[in-house]
Amino acid sequence: MQSNSRFFILTLGILSLVFIWSAISPVHRPTWWLEVFPVLLALPILFLTYKQLEFTQLAYLLMLVHAVILLIGGHYTYAEVPLFSWLRDTFDLSRNYYDRVGHFAQGFIPAIITREILLKKSPLTKGAWLFFVVCCICLSVSVIYEFLEWWVAVYSGEAADKFLGTQGDVWDTQWDMFLALIGSVAAQVLLAKVHDRQIKQMEGRH
């Protein structure tokens, strides 16, 4: 229990520091609000549902990573993250690829969260059907996010250009969804065994 407390304090501390940094003089304030909104929405939900659904440390750690990715993207906008602009210029790449990282994470990280919810709260057990359903849910989340970007583009003008970050790629939406799908597959292939061990450990404590 004490190690759990230290883990949560450290996690929240890192998130708080990154959030404060992200909020200070972002490149484009309206885009910052759009990008960090999922973090602001998820935090109270996690606190309110903690007793009903406590996640593994792996899931919480991945949530932190996803939040940091969103906060960095919000601060700079996804098309202007300096490290990835340097990579673009140094290696003569066609674009700033930070948004590709973000959309891969949009499948990779929700895959573990979805997997855990389904294992704990549904009749599904480990196996092919769980793998398939997790991929479908993650792809659906990606599609919904693309819908949101479309609606922002319709109503928000300048903010939409920075939020969308298509960088002139006509296939950007398709790439975003494809990478989310690849992320959901990769997460389950790479992390399922670790995830299963942590779930089993949690069940032993309770």
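Read-outs throughout are calculated quantities, based only on the coordinates presented, and are distinct from any laboratory measurement. Bear in mind that the values here come from a model prediction, so they are computed numbers and not experimental data. All Cβ positions, even for glycine, are placed from backbone atoms using ideal geometry, and neighbour counts span all protein chains on display.
Once the dipole of the chain is set up with Lys and Arg at +1 and Asp and Glu at -1 on Cβ about the Cα centre, which of L190, I137, S22 lies farthest towards its positive end?
Among L190, I137, S22, the one farthest towards the positive end of the dipole of the chain is L190.
Does anyone have the angle between helix 98-121 and the longest principal axis of the chain? Alpha-carbon axes, 0 to 90°, nearest 10?
The angle comes out near 20 degrees.
Once the Cα gyration tensor of segment 2-205 is diagonalised, what are the square roots of 5 times its eigenvalues, in whole Å and ordered largest first, as equivalent ellipsoid semi-axes?
30, 20, 16
Mean-square fluctuation check for the chain, GNM, Cα pairs under 10 Å: which of Y97, Y155, Y145 is largest?
Y155
Spelling out what I want: for every residue of segment 177-184, take phi, set θ = phi - 60°, compute 6.51 cos²θ - 1.76 cosθ + 1.60 (Karplus), and round to whole Hz; glycine and proline get x.
5, 4, 5, 5, 5, 4, x, 5
Taking each pair of different alpha-carbon atoms in segment 4-99 once, compute 1/r for the pair, average those values, and report the inverse of that mean as the Kirkwood hydrodynamic radius in Å to one decimal.
14.6
What is the helix-to-structure angle for 2-23, meaning the angle in degrees between its Cα long axis and the longest Cα principal axis of the chain, kept from 0 to 90 and rounded to the nearest 10?
Computed tilt is about 10 degrees.
Packing-wise, with mean Cβ within 10 Å as the measure, how do 39-47, 127-135 rank, highest first?
Taking the mean over residues of other Cβ atoms within 10 Å, the ranking is 127-135, 39-47.
Treating the angle as unsigned and between 0 and 90°, give the value, to the nearest 10°, between the Cα long axis of helix 128-156 and the longest Cα principal axis of the chain.
Long axis of 128-156 versus the principal axis of the chain: about 30 degrees.
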